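Below is one structure; the comments refer to it alone.
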Amino acid sequence: MKNQWTSYLYGIVKVTIAGRGTERFLNDCMRENVVVWNVKRSKDNGLSFYIRLQDVHALRIVARKNDCKCRFEKRVGFPFLVRRSWKNSGFVLGLLAFLVVIFVLSNMIWGIKIEGASPETEHIIKKELSNIGVKTGKFQFSVKNPDDIQKSLTDNIQQITWVGVELMGTTYHLKVVEKNQPEEEELVGPRHIVAEKEAVIKKMFVEQGQPLTTLHEHVTKGQVLVSGLIGKEEEQKKVAAKAEIFGETWYKSTITIPLNTTFHVLTGDTKDKHFIQFGSFRIPIWGFGKNTYKTYEVEDDVYYLKFLNFTLPIAYVNETFLEKEEITRKYTVKQAKEAALDRGRLDVEHNLDDKEKVIGEKVLHQTNENGKVRLTVLYQAIENIVKTTPIVQGD
């Protein structure tokens, strides 16, 4: 018989019959739509076979019409398993309670390990984790995912440069890279300080060495600004030149800004749907109804359930629909020009350090064609132009 496993769910009974007309008994079973399978002849010329639990009543009717003796030998299947379990309900309930407890404990947070942080920084990290709800005893699916935890820690703790967050079993593992304090300068050999690029000197502080240039002087790339040779020519001494020199430099940029730009933005309106996921199949449990947003983004937060150290193919899924709308931004020529200047300035500042900055700009060329404003701009910046080069024999 095909699909015996479905019959097992509803119950299977093994039947033996003996006496006259066993073949006729089987024929009558067929007429009464009693499904039989695994028919075997026994040593005493009787027959044994299997039927479904739901056909027992029909079999009794057939047995009354024949001279065969009918006996139920074996009962297997889920209904009989439940009946036997009910007799030992204490043991079954204890087993189920044990599995439920293990399942619940496997989906909680029982440890937070932090590596690479000093005791002070570790205390700050644990305090921030507690503020965002990541603490021992909390359910894993009730806290942020590791990526969001990482972003929150990096944004709110100034003492760290990077932190990696990984959930292994019931423990969060954090690997921290702290911001390094300025280290003492290593001993270096004799050297000159030269200009890294063409500039006009605007600020100059020489700590060690012989200055060869002055403020407001135009210097070229590679020109020696501070010599590492000090003293008279016949008694020159080689030292490691050290200075802080800022110069005015120039960056030429070409920026194009369209007068009309169409793009999508989030409206702030959202709709959540909740699912229980088995493998790739999802069963909705909350948030029914069709999504009515014309344009939208979808974000999925998937939390897999765990049992001991195993990740089960069962997950809770929170699917969020973020409504988007199309916006057309319109610039006048003047506004487009200002936007182009701002964009160019940001591009230049992206390559500068904290002590460096853009101090001016000059539009070299402007065109307005095909609905676009195109600017060629020269930006003036103040930046560190120091570059060191070792003193070689013959300098």
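Quick note: the coordinates plus some simple rules give every number you see, no bench work behind them. All of these numbers come straight from a predicted model, not from anything done at the bench. Don't worry about glycine lacking a Cβ; one is built from the backbone with ideal geometry, like all the others, and counts go over all protein chains shown.
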**Message:** Among DSSP bridges having both ends in the range 111-178, what percentage is antiparallel? Round to the nearest 5.
**Reply:** 60
**Message:** As a footprinting exposure proxy, order Leu308, Leu129, Leu259 by other Cβ within 10 Å, with the fewest listed first.
**Reply:** Leu308, Leu259, Leu129
**Request:** Kindly express, to the nearest 10 degrees and within the range 0 to 90, the angle between helix 146-156's C-alpha long axis and the longest C-alpha principal axis of the chain.
**Result:** 30
**Request:** Filter the chymotrypsin sites (Phe, Trp or Tyr not before Pro) in the range 240-308 to those in DSSP coil with at most 13 other Cβ atoms within 10 Å of their Cβ, and list the result.
**Result:** Phe288
**Message:** How are the alpha carbon pair distances in the range 111-178 distributed across 5 Å bins from zero to the largest one, expressed in percent?
**Reply:** 3, 18, 34, 29, 12, 4
**Prompt:** Against the longest alpha carbon principal axis of the chain, how many degrees, from 0 to 90 and to the nearest 10, is the axis of helix 119-131 turned?
**Reply:** 50
**Message:** Set the bar at 26 Å for Cα to Cα. Now go through Lys362/Lys387; Lys237/Lys387; Lys273/Lys294; Lys271/Lys330; Lys43/Lys87 and name every pair that lies beyond it.
**Reply:** Lys362/Lys387; Lys271/Lys330; Lys43/Lys87
**Message:** Counting other beta carbons within 10 Å of each residue's own, what order do Arg24, Arg64 fall into, fewest first?
**Reply:** Arg64, Arg24
**0 to 90° range, to nearest 10: angle between helix 89-106 axis and the chain longest Cα axis** = 10
**Asked** For the chain, what is the calculated [θ] at 222 nm in deg cm²/dmol (nearest 500), taking -39500 (n - 2.57) for each run of four or more DSSP H residues and dividing by its residue count?
**Response** -7500 deg cm²/dmol
**Request:** Could you check which residue among Ser106, Ser89, Ser142 shows the biggest mean-square fluctuation in a GNM of the chain with a 10 Å Cα cutoff?
**Result:** Ser89
**Item:** Among beta bridges that DSSP assigns inside the chain, antiparallel share in %, nearest 5
**Value:** 95
**Asked** Taking the alpha-carbon centroid of each part, what is the distance from the range 315-346 to the range 1-69 in angstrom?
**Response** 75
**Net charge of neighbours whose Cβ lies under 9 Å from the Cβ of Thr16, counting Lys and Arg as +1 and Asp and Glu as -1** = +2
**Request:** Please identify every one of the trypsin sites (Lys or Arg not before Pro) in the range 194-281 that sits in a loop by DSSP and has no more than 13 other beta carbons within 10 Å of its own beta carbon.
**Result:** Lys221, Lys232
